Amino acid sequence: MKPPKRWIGIFLIILILVSACSTVPVTGRKQLRLIPSSTMLPMSFQQYDEFLKSHKISTNKEQVRLVKRVGNRIQKAVEEYFVERDMSYQLKDYAWEFNLVESPEVNAWCMPGGKVVVYTGILPMTKDEAGLAVVMGHEIAHAIAAHGNERMSQGLAVQMGGMALSTALAEKPEKTRQLWMAAFGLGSQFGVMLPYSRLHESEADHLGLVFMAIAGYDPSHAIGFWQRMAQGKGGKAPPEFMSTHPASETRIRKIRALIPEVMPYYKKSG
Ligand SMILES: [Zn+2]
């Protein structure tokens, strides 16, 4: 007996949804990743190169070295975490890069595949190496948890009628680029800020604390950083990072509550 066509359709949809379902490391949340890495990463690498070409990379040797050192340490921590859990294959197409860009913007982000940018404008807020590890750990966590992919999938569904990324890129390149920038925290260039959801923020905080701790940075420094953010001290420029990353009392309280859980990673690292 042949099954009706409708059933085959339903079966296929279920198959697609099951295969598109991934698990976020550390928190174990199930998420829908509609855009495959094979599409996501080449676009990420291209956008990253274009961004670097159109922005001034800092020539402050000491600060550049600091950003690269913190980045490398967190990268190693992430890799260690993934090796221990037999998940290294998830990082195989990563091409890590850490750059400091000359800009008064209080901002930092990480695109898929480990492409990180820190703006010089956020350095007065991060204050020292551990403070920088809080920000970079948090941004790398967004990328590891594929939050941009989720945001991009949502944007494609809501604003472009469920188009596939490759189709959207071919048919509406400029709109797709704007959507991409907003999904990864670079929206201020286009005037479209897209704050991360509370779920994504607490998840990135949690993963970020774990990674910074494995990297050998005391995770309790995160409290001080977010307190400085809440007071808005350090920069005169429009705080992009603030509008996408609200530093509320609730956030600081949640981070404080996570410290005992992530401390063993830090102790082990020493
Ligand atoms: Zn965030």
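The values are calculated or read from the model by the stated rules, or taken from the named source; none is laboratory data. What you see is a predicted model, and the numbers here were worked out from it, not measured in a lab. Neighbour counts run over all protein chains shown; Cβ positions are idealised from the backbone, glycine included. The area values use the complete protein model at the heavy-atom level, side chains included, leaving out ligands, DNA and RNA. Shrake-Rupley method; radii C 1.70, N 1.55, O 1.52, S 1.80 Å.
From the list GLY137, GLY71, GLY131, GLY114, pick out the single residue that is touching a His at 6+ places or on another chain (Cβ under 7 Å), open to solvent by less than 10 Å² (accessible area, probe 1.4 Å), closer than 27 Å to SER220 by Cβ and not polar (S, T, N, Q).
Working: GLY137 fails: touching a His at 6+ places or on another chain (Cβ under 7 Å); GLY71 fails: touching a His at 6+ places or on another chain (Cβ under 7 Å); GLY114 fails: touching a His at 6+ places or on another chain (Cβ under 7 Å).
From the options GLY137, GLY71, GLY131, GLY114, the qualifying one is GLY131.
May I ask you to say which residue of GLU174, GLU150 is open to solvent by 10 Å² or more (accessible area, probe 1.4 Å), modelled with pLDDT under 90 and either touching a strand residue (DSSP E or B) at 6+ places or on another chain (Cβ under 7 Å) or within 13 Å of the ligand (Cβ to nearest atom) (or both)?
Values: GLU174 fails: either touching a strand residue (DSSP E or B) at 6+ places or on another chain (Cβ under 7 Å) or within 13 Å of the ligand (Cβ to nearest atom) (or both).
Only one candidate qualifies: GLU150.
When GLY216 is tested against (1) crowded, with 22+ Cβ neighbours inside 10 Å; (2) small (Gly, Ala, Ser); (3) away from the ligand (no atom under 13 Å from the Cβ), exactly one condition is not met: (1). One residue alone among PHE82, PHE51 is under 20 Å from the mean Cα position of the chain (by Cα) and either in a loop (DSSP other than H, G, I, E, B) or modelled with pLDDT of 95 or more (or both), and that residue is PHE82.
Taking the listed residues SER44, SER58, the one that is open to solvent by less than 20 Å² (accessible area, probe 1.4 Å), at pLDDT 95 or above and of a type outside the set (Lys, Arg) is SER58, with no other qualifying.
Here are some residues: ALA164, ALA143, ALA168. Which one is open to solvent by less than 10 Å² (accessible area, probe 1.4 Å) and closer than 29 Å to LYS92 by Cβ? Talk me through it step by step, then tell me what you get.
Working: ALA164 fails: open to solvent by less than 10 Å² (accessible area, probe 1.4 Å); ALA143 fails: open to solvent by less than 10 Å² (accessible area, probe 1.4 Å).
From the options ALA164, ALA143, ALA168, the qualifying one is ALA168.
Number of residues in the range 26-55 that are closer than 19 Å to MET87 by Cβ and not β-branched (Val, Ile, Thr) equals 11.
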